1. Going by what's in this entry, would residue 25 be described as surrounded by fewer than 18 Cβ atoms within 10 Å (Cβ to Cβ) and either in contact with a strand residue (DSSP E or B) (Cβ under 7 Å, 6 or more places away or on another chain) or at pLDDT 95 or above (or both)?
2. Within segment 58-85, take every residue that is more than 10 Å from the ligand (Cβ to nearest atom) and within 10 Å of the chain's Cα centre (by Cα) and give me the one that is nearest to residue 113 (Cα to Cα).
3. Could you list, in sequence order, the residues of segment 45-60 that are at pLDDT 95 or above and touching a helix residue (DSSP H, G or I) at 6+ places or on another chain (Cβ under 8 Å)?
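The values are calculated or read from the model by the stated rules, or taken from the named source; none is laboratory data. Bear in mind that the values here come from a model prediction, so they are computed numbers and not experimental data. With ideal geometry, Cβ positions are generated from the backbone for all residues, glycine too; neighbour counts draw on all protein chains shown.
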Ligand code: HEC
């Protein structure tokens with residue numbers, strides 16, 4: 001199981017790098033966990049109980065707006081995104097550009113930070 005998760009993260013990171021020519025680094029789940037603590041936990045949980053924002057366990061590979069969150073905006077749902085690594089990367093870079101009017105306001109402009117965050121989120125399987 002641990003081994004499987006590790007491989008999933010590595011595969012995810014490879015996709016991020018394929019999806020962005022600017023990718024200079026490899027996402028590290030431990031770095032992502034730190035960033036998540038600093039920038040995301042005020043609104044997001046990863047334990048199945050939503051806060052101000054949806055719980056993000058299992059978000060990698062899920063359709064946008066398809067968690068068990070009661071207050072998703074139509075703006076997010078109607079994007080019809082499926083959050084594979086590339087689309088999640090695009091969303092986190094500029095949520096208001098990808099889903100105009102979404103309640104998710106926090107952009108993560110640095111590609112490196114996004115890679116770390118996604119590596120972390122990819123470890124949180126359902
Ligand atoms: C100020 C509160 C707030 C912060 C801080 C925040 N978010 Fe969000 N986020 C939200 C809300 C609210 C939504 C739901 C958006 C909607 O329905 O339009 C959301 C949605 C999302 C989604 C889509 C989830 C889904 O189930 O479709 C992802 C992924 C996400 N946020 C990641 C992050 C990450 C990573 C961070 C930290 C870098 C972060 N968010 C910081 C409030 C926040």
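1. Considered against the rule, which asks whether it is surrounded by fewer than 18 Cβ atoms within 10 Å (Cβ to Cβ) and either in contact with a strand residue (DSSP E or B) (Cβ under 7 Å, 6 or more places away or on another chain) or at pLDDT 95 or above (or both), residue 25 comes out as no.
2. 85
3. 56, 59, 60
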